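The values are calculated or read from the model by the stated rules, or taken from the named source; none is laboratory data. Note that the structure is a prediction, hence the values are computed from the model and not measured. FYI the Cβ positions are ideal-geometry reconstructions off the backbone, even for glycines, and counts take in every protein chain you see. The area values use the complete protein model at the heavy-atom level, side chains included, leaving out ligands, DNA and RNA. Shrake-Rupley method; radii C 1.70, N 1.55, O 1.52, S 1.80 Å.
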Amino acid sequence: MATRSTLNTALSRFLRSRRDALTPAQAGMVPFPGPRRVPGLRKEELAVLAGISPDHYSRLEQGRQTTLSDEMCNALARALRLDDVERRHLRALARPASPRGEWETPQRAEPGLLRILAALDHLPGLLLGRRSEILARNLLLDAVLGVSLPIGAAFVRWLLLDPAARERIVNWDEFGAAAVGGLRFETGRHPHDRRLSALIKQLRSHSDEVARWWDDQTVTDQTSLTKRLAHPAAGRLEFAIETVTLPHCPDQRLVVYTVAPDSPTADVLPLLSGWGADALIGGPHPSI
C-alpha cells in the first residue's frame, strides 16, 4: 500500500519533471538573471508564475506539504502549461484517494459494455478493467493480433513485454509510450492499488523502454489512436482505436478497432471474421 511519503514523492517528482520541461520562453516570461543550473524553469520562476512564495513551492517539490487546494492546483497547472490530462493527474496526486480493499477483489464486466462489444462482432474489440485486465474480447481481435490472450491477463504485459507485439504492431513505440502514460495516470487515481504497483515494477524491470518512459513522468489518457499492424496473411492493417467508458464505471474501457469504409483493412476483415472470429470471449453474464 502506498504510504504518505510515497504519495508526496510522486507529487514532487511530477512537479519537478514538468518544471524541467518548460523553458522561460515557453512560459512567456523573461528569465531571471544569473547562471542556470536547470534545463527548464527555476523554482523561483515557477513560484512567481504560480503566484506563491518560493519557499512554499520548495515545500511542494520536497514533499513537505501533504495536500493541495483546488486553487493551488489550478495555479500550478496554469504556470506549468499542463494539458487537461496532466491537470487531472496533478489533482489526483494532490488529493490522493483513501485506501479501499475493493482493488483486491475480482472485477466483473459491466453489462452494458459487454452488450456493445457483442453487437460489434464485425470489428476487433476487447473490454479492459483496472490494470488493463482483459474482461472480455472477441475472436476477431485474436485473428488480428495473432494471439489469444486469456481473460484476466493484463493487456499491457503482452503489449510491452512480448516480442510478438513488437513484430505485429508497426507503430509499437507510440502505443507502448501511451500505455505507460496511461498506467501513470491510473496510479494517480488509485495510488493504493498494490497489484497495479507490482505490475508496473515488473514492466519496468523487464524493459528498458518502459523504464525510460516511466521516468519521463509522461501521463496520458488517450481515447483515440491509430494502430498499424503487419498481419502475416492479410498484410498491412490500419485501425482507428476508439475507447468508450461509462460515467458510472470509469475503470472499465471498451476498446474497439474501427476501420475507414472501403479501406483495404475494411475489405479484408470479413475474411478474418470467417475464421470463426464472431464469438465473444469472457465471463458469463445473464445480460448476454
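In table form, for the structure just shown:
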item	result
Selected residue (only one of Leu145, Leu140 is buried (at least 19 other Cβ atoms within 10 Å of the Cβ) and out of contact with any Gly (no Cβ under 9 Å at 6 or more places or on another chain))	Leu145
Options Ala211, Ala233, Ala240: the member that is open to solvent by 60 Å² or more (accessible area, probe 1.4 Å) and aliphatic (A, V, I, L, M)	Ala233
Any hit, segment 34-45, residues being of a type in the set (Gly, Ala, Ser), touching a helix residue (DSSP H, G or I) at 6+ places or on another chain (Cβ under 7 Å), assigned to a helix (DSSP H, G or I) and surrounded by 17 or more Cβ atoms within 10 Å (Cβ to Cβ)	no
Arg42 vs. criteria farther than 29 Å from Ala153 by Cβ and among the charged types (D, E, K, R)	yes
For Ala75: the one exception among (1) free of Cβ contacts under 8 Å to residues at least 60 places away in the same chain; (2) open to solvent by 20 Å² or more (accessible area, probe 1.4 Å); (3) part of a helix (DSSP H, G or I)	(2)
Set Ala119, Ala25: member being without any contact (Cβ under 8 Å) to a residue 60 or more places away in the chain, surrounded by fewer than 14 Cβ atoms within 10 Å (Cβ to Cβ), out of contact with any helix residue (DSSP H, G or I) (no Cβ under 8 Å at 6 or more places or on another chain) and outside the structural domain of Ser197 (by the TED database)	Ala25
Of residues in segment 148-167 being at pLDDT 95 or above and crowded, with 18+ Cβ neighbours inside 10 Å, the one nearest to Ala234 (Cα to Cα)	Ala165
Enumeration of residues in segment 168-208 that are open to solvent by 80 Å² or more (accessible area, probe 1.4 Å) and without any contact (Cβ under 8 Å) to a residue 40 or more places away in the chain	Asp173, Lys201, Arg204, Ser205, Asp208
Given (1) more than 19 Å from the chain's Cα centre (by Cα); (2) in a helix (DSSP H, G or I), index of the condition Arg91 fails	(1)
Any hit, segment 189-197, residues being out of contact with any Phe, Trp or Tyr (no Cβ under 9 Å at 6 or more places or on another chain) and either of a type in the set (Phe, Trp, Tyr) or in a helix (DSSP H, G or I) (or both)	yes
